[in-house]
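Engineer: Let me give you the structure first, and then I'll get to my questions.
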């Protein structure tokens, strides 16, 4: 997407990058929940605590996973496994000595949320900001070249790193954008 130049905005250009399909994130989420479920079953078997809260609440994990798969098939949309991950993380709080794993599940939920949002790159006359989980800010003097050609943005850093991403929409005036970037690079 493209936002026109306005003096009141922080960025002259905001580019929305194409996002990869989140299927790998779904597989990892499913696998984390499933492995945790197996661990909880083993834990209750090893300690003979079949009447414990952990044993009975543990069955929420497969129910939640099957429900999510059913929802995905029914509505045929991208779904997240945030709820089963949250339930699984809460169940880790019931396992003595393993409560710290709940924090890992909370972090994974946060990273999952960020990974599903399109990557935004804001370009201003002062800097370029890449909106990731930990926002990255680069001054113009960090770049040797910034080019948008055929819907592909190339950020060429002076330290020989390069970032290339495809933008979602191609309604940006590439020659105007490239002229703006050349002007900023020449000023530095």
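The numbers here are math on the coordinates, done by the rules we state, and not lab data. In this text, all values refer to a predicted model and were calculated from it rather than measured experimentally. FYI the Cβ positions are ideal-geometry reconstructions off the backbone, even for glycines, and counts take in every protein chain you see.
Engineer: Helix 23-46: angle to the longest alpha-carbon principal axis of the chain, degrees 0 to 90, nearest 10?
Structural biologist: The angle comes out near 20 degrees.
Engineer: Taking only Cα atoms, what is the 0 to 90° angle, nearest 10, from helix 82-92's long axis to the longest principal axis of the chain?
Structural biologist: Around 50 degrees separate the two axes.
Engineer: Given the options 37, 56, 92, state which has the largest fluctuation in a GNM of the chain using a 10 Å cut-off (strictly under) for Cα springs.
Structural biologist: 56
Engineer: Working from the alpha-carbon coordinates of region 23-116, get Rg over Rh, Rh being the Kirkwood radius.
Structural biologist: So for region 23-116, dividing Rg by the Kirkwood Rh gives 0.99.
Engineer: Evaluate the relative contact order of region 23-116 (contact order divided by residue number), counting alpha-carbon pairs under 8 angstrom at least 6 apart; express in whole percent.
Structural biologist: Taking the mean separation of contacting Cα pairs over the length of region 23-116, I get 25 percent.
Engineer: Take every Cα pair under 8 Å in the chain that's 6+ residues apart, average their separations, divide by the length, and report that relative contact order as a whole percent.
Structural biologist: Relative contact order here is 23 percent.
Engineer: Pick from 75, 109, 16: which residue has the top mean-square fluctuation in a GNM of the chain where Cα pairs under 10 Å get a spring?
Structural biologist: Ranking 75, 109, 16 by mean-square fluctuation puts 75 first.
Engineer: Then there is this: Among 162, 68, 17, which one shows the biggest mean-square fluctuation in a GNM of the chain, springs joining Cα atoms closer than 10 Å?
Structural biologist: Top of the fluctuation ranking is 162.
Engineer: Residue 30 versus residue 111, label points 7 Å from Cα toward the beta carbon: distance in nm?
Structural biologist: Between residue 30 and residue 111, the label points sit 2.0 nm apart.
Engineer: Another question, then. What is the pair-distance distribution P(r) of the chain, computed from all Cα-Cα distances in 5 Å bins starting at 0, with each bin given as a whole percent?
Structural biologist: 1, 7, 13, 15, 12, 9, 8, 9, 8, 7, 5, 3, 2, 1, 0
Engineer: What's the angle, to the nearest 10 degrees (0 to 90), between helix 100-116's Cα axis and the longest principal axis of the chain?
Structural biologist: 40
Engineer: Which FRET efficiency value, to the nearest 0.05, do you get for residue 49 and residue 132 by plugging their Cβ-Cβ distance into 1/(1 + (r/R0)^6) with R0 = 35 Å?
Structural biologist: Computed FRET efficiency for residue 49 and residue 132: 0.25.
Engineer: Still on this model: Once the Cβ-Cβ distance between residue 10 and residue 160 is put in as r, and R0 is 41 Å, what FRET efficiency do you end up with, to the nearest 0.05?
Structural biologist: 0.90
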